[in-house]
Structures are given as C-alpha cells and as structure tokens.
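Structure record follows, encoded as structure tokens.
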Amino acid sequence: MRTLPCGDSGLLVELSDLDAVLALYAALVDDPPEGVLDMLPAARTLLLRIDPRVTDPSALTRAVQQTSHGRARRASGREVELPVIYDGEDLAEVGRITGLGERGVVEAHTAGEWTVAFCGFAPGFGYLVSEDECLHVPRRESPRTRVPAGSIGLAGEFTGVYPRESPGGWQLIGRTSARVWDLERDPPALLVPGTRVRFVEDS
C-alpha cells in the first residue's frame with residue numbers, strides 16, 4: 001500500500017490489485033475515518049476526498065494503514081435486478097472461447113452475483129466483477145465504432161452495461177431495457193460501487 005496526497009483535500013491510496021481495493025473500500029464504508037467525504041475506487045487505487053477542516057492527508061494515511069481488511073471482503077450495497085435479452089453479436093464467440101456454448105454463457109451470467117467494483121469510461125458505466133472466473137474473456141480485437149445503449153458486454157474479468165451509445169471493444173452478449181444512467185433520477189447512476197447486481201433472462 002502506498003499513499004499520495006492530492007492537494008489538501010484528498011488522499012490517493014495505491015494498492016496491489018482490485019481485490020485489495022475492494023477489501024479496503026468495504027472496510028472504510030463500514031467504518032469511515034473522520035473527515036472523509038467521499039471515496040472513489042478504481043482498478044488499483046482508492047481516492048479519498050476529505051474535509052481539510054477535520055483531517056489532513058497525514059492523519060488519514062495513519063488511519064487507513066491501521067484499517068483491517070481481508071482480501072475477500074466486499075462492500076455490501078443494495079441489490080439491483082437487470083432484465084437481459086441474450087442476443088448479443090458476440091454471444092456465440094464467447095461461448096466458443098469459454099467452452100460453455102451460448103446457453104452455458106447465459107446460465108453462467110445469470111447464476112452469479114455481480115458487484116460494481118468501480119465506475120469509469122462513461123457516466124454510469126460500472127465495472128462489475130464476480131467470484132466465478134468462467135466468463136473471463138479478452139476484448140474484441142477490433143472495437144466497434146457504435147455500441148447501442150443498454151448493451152451488455154464482457155471484457156477481461158468484468159461485465160458492464162453501456163449507459164449510452166458509444167464506441168466499445170467489449171464482447172456483447174445481450175441487452176437490457178434498464179436505464180443505468182438517467183439525469184432525471186437522483187442519483188443519475190443506477191450502478192454505483194458496492195451495488196450487487198443480478199442479471200435475469202428476459203424474453
């Protein structure tokens with residue numbers, strides 16, 4: 001673990017891998033140090049935004065270093081169910097890569113409980129992880145210039161839902177009618193770090 005001050009109102013914690021980030025994030029969600037206003041996890045880092053009137057990067061570093069966190073720990077957020085029509089353009093290819101076949105991919109994707117590890121790429125885009133590794137697949141060799149909003153893809157250890165039309169290189173396995181980013185909603189993002197997601201097959 002390495003910590004770096006971000007001005008006088010933030011602390012960046014660098015960790016060894018995503019499991020370590022998720023474990024520390026879960027521990028700090030359960031027992032946040034005094035003066036922490038917000039936490040932003042990423043693949044290898046955790047950014048803590050602080051109130052400089054209450055604490056400072058040095059004091060927060062000591063608090064973080066004293067935080068006990070097991071690597072298997074995950075933040076326990078609310079659960080969301082997303083209906084999915086599994087007709088993605090890459091479903092057959094994912095079935096071939098994983099050896100599961102198309103039906104096996106659908107069963108694996110709906111059987112697991114997915115957790116939003118962090119957000120990025122576009123507003124409302126959550127990077128979801130599961131303990132089951134059977135759906136780990138590479139990105140497409142050639143990204144698409146247009147991926148429709150609601151498309152559900154796989155890349156590496158992650159699954160994700162495209163919140164709006166955009167380019168993308170993930171393997172597309174299905175689509176959902178759920179709006180994962182809606183400016184009329186408070187908060188706009190349906191999927192935030194710690195949210196547990198169940199994908200439910202829709203017809």
*asked:* Where the second residue is at pLDDT below 95 and small (Gly, Ala, Ser) and the first is at positive phi and buried (at least 16 other Cβ atoms within 10 Å of the Cβ) and lies in the range 39-54, which pairs have Cβ atoms under 8 Å and are six or more apart or on separate chains?
replied: none
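To keep it simple, each residue is scored yes or no on (1) in contact (Cβ under 8 Å) with a residue 12 or more places away in the chain; (2) of a type in the set (Gly, Ala, Ser); (3) surrounded by fewer than 22 Cβ atoms within 10 Å (Cβ to Cβ).
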residue: Gly101; (1), (2), (3): no, yes, yes
residue: Val116; (1), (2), (3): yes, no, no
residue: His136; (1), (2), (3): yes, no, yes
residue: Gly153; (1), (2), (3): yes, yes, no
residue: Gly169; (1), (2), (3): yes, yes, yes
residue: Phe199; (1), (2), (3): yes, no, no
*So which residues in the range 173-196 are more than 22 Å from Asp38 (Cα to Cα) and either among the aromatic types (Phe, Trp, Tyr) or crowded, with 23+ Cβ neighbours inside 10 Å (or both)?*
Ile173, Gly174
*When the range 21-36 is examined, which residues are found to be over 14 Å from the mean Cα position of the chain (by Cα) and closer than 24 Å to Val129 by Cα?*
Leu24, Ala27, Leu28, Val29, Asp30, Asp31, Pro32
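Per-residue answers, yes or no, for (1) farther than 27 Å from Ala20 by Cβ; (2) at pLDDT 95 or above; (3) out of contact with any His (no Cβ under 9 Å at 6 or more places or on another chain):
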{"residue": "Gly35", "(1), (2), (3)": "no, no, yes"}
{"residue": "Ala43", "(1), (2), (3)": "no, no, yes"}
{"residue": "Leu47", "(1), (2), (3)": "no, yes, yes"}
{"residue": "Leu60", "(1), (2), (3)": "no, no, yes"}
{"residue": "Gly88", "(1), (2), (3)": "yes, yes, yes"}
{"residue": "Val106", "(1), (2), (3)": "yes, yes, yes"}
{"residue": "Ala122", "(1), (2), (3)": "no, no, yes"}
{"residue": "Tyr127", "(1), (2), (3)": "no, yes, yes"}
_Search result, residues across the range 38-52 that are under 20 Å from Thr195 (Cβ atoms) and of a type in the set (Asp, Glu)_ = Asp38
*With respect to Ala149, is the statement that it is over 23 Å from Ala20 (Cβ atoms), among the small types (Gly, Ala, Ser) and in contact with an Asp or Glu (Cβ under 6 Å, 6 or more places away or on another chain) true?*
yes
*For the range 147-181, which residues satisfy the criterion of being within 18 Å of the chain's Cα centre (by Cα) and in a loop (DSSP other than H, G, I, E, B)?*
Ala149, Gly150, Glu157, Tyr162, Pro163, Arg164, Gly169, Trp170, Thr176, Ala178, Arg179, Val180
*State whether the residues of the range 63-74 include one that is surrounded by fewer than 18 Cβ atoms within 10 Å (Cβ to Cβ), among the hydroxyl-bearing types (Ser, Thr, Tyr) and farther than 27 Å from Arg185 by Cβ.*
yes
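The values are calculated or read from the model by the stated rules, or taken from the named source; none is laboratory data. Predicted, not measured: the structure shown is a model, and the values here were computed from it. With ideal geometry, Cβ positions are generated from the backbone for all residues, glycine too; neighbour counts draw on all protein chains shown.
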